[in-house]
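To keep things clear, I will list the structure first and then write my remarks on it.
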Amino acid sequence: MSTVFTRIINGEIPGTFVWRDDLCVAFMSINPMADGHVLVVPIEEVDKWLDCPPELVAHLFTVSRRIGIAQQSAFDCDRVGLIIAGYEVPHTHIHLIPTIHMGQLAFANAATSVDLSAIEACAQRIREALAAG
């Protein structure tokens, strides 16, 4: 059975994408901890990130770094936090969260509902920063 992330990647469930290549995608979190919260997800379904081939891990982190730089530019944040937890969905994913304080890196603070136009606006800011960088 496909994970929810595979269904988003395949277009079966809507997602707001900021990146797509042959190995991974990046889309906006629907439960953001802060404006601009992005998930970087390999196309291949791998439950635990430690089970990913080293080349895929390297690619995921290269893409995460590029998106993080764009987030820092787009949201004028102090840091871009990175979390790999892996409990919510059994499909490796990296959380990238623009932050101004450590408290924003708590899953307990994740939004329970989102305004899709706000998510799209954040995505557009990231896309523009990626294009400029």
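The values are calculated or read from the model by the stated rules, or taken from the named source; none is laboratory data. Because the structure is a prediction, the values reported are computed rather than measured. Cβ: placed from backbone, ideal geometry, glycine included. Neighbour counts: every protein chain shown.
Observations on the structure shown:
- Scanning segment 88-109 for residues that are more than 20 Å from residue 67 (Cα to Cα) and hydrophobic (A, V, I, L, M, F, W, C), we see that the one that is surrounded by the most Cβ atoms within 10 Å (Cβ to Cβ) is 89.
- Test: residue 91 is over 27 Å from residue 131 (Cβ atoms) and not charged (D, E, K, R): yes
- Residue match in segment 17-32 (condition: over 13 Å from the mean Cα position of the chain (by Cα) and β-branched (Val, Ile, Thr)): no
- Taking first residues from segment 85-110 that are assigned to a helix (DSSP H, G or I) and of a type in the set (S, T, N, Q) and partners that are at pLDDT 95 or above and surrounded by 12 or more Cβ atoms within 10 Å (Cβ to Cβ), the Cβ contacts under 8 Å between residues at least 6 apart in sequence or on separate chains come to 104/33; 104/34; 104/81; 104/97; 109/33.
- The requirement of being touching a residue at least 24 places away in the same chain (Cβ under 8 Å), assigned to a strand (DSSP E or B) and farther than 23 Å from residue 2 by Cβ is fulfilled somewhere in segment 72-82, by at least one residue.
- Taken over segment 33-55, the criterion of being at negative phi, part of a loop (DSSP other than H, G, I, E, B) and crowded, with 22+ Cβ neighbours inside 10 Å is satisfied by 33, 34, 37.
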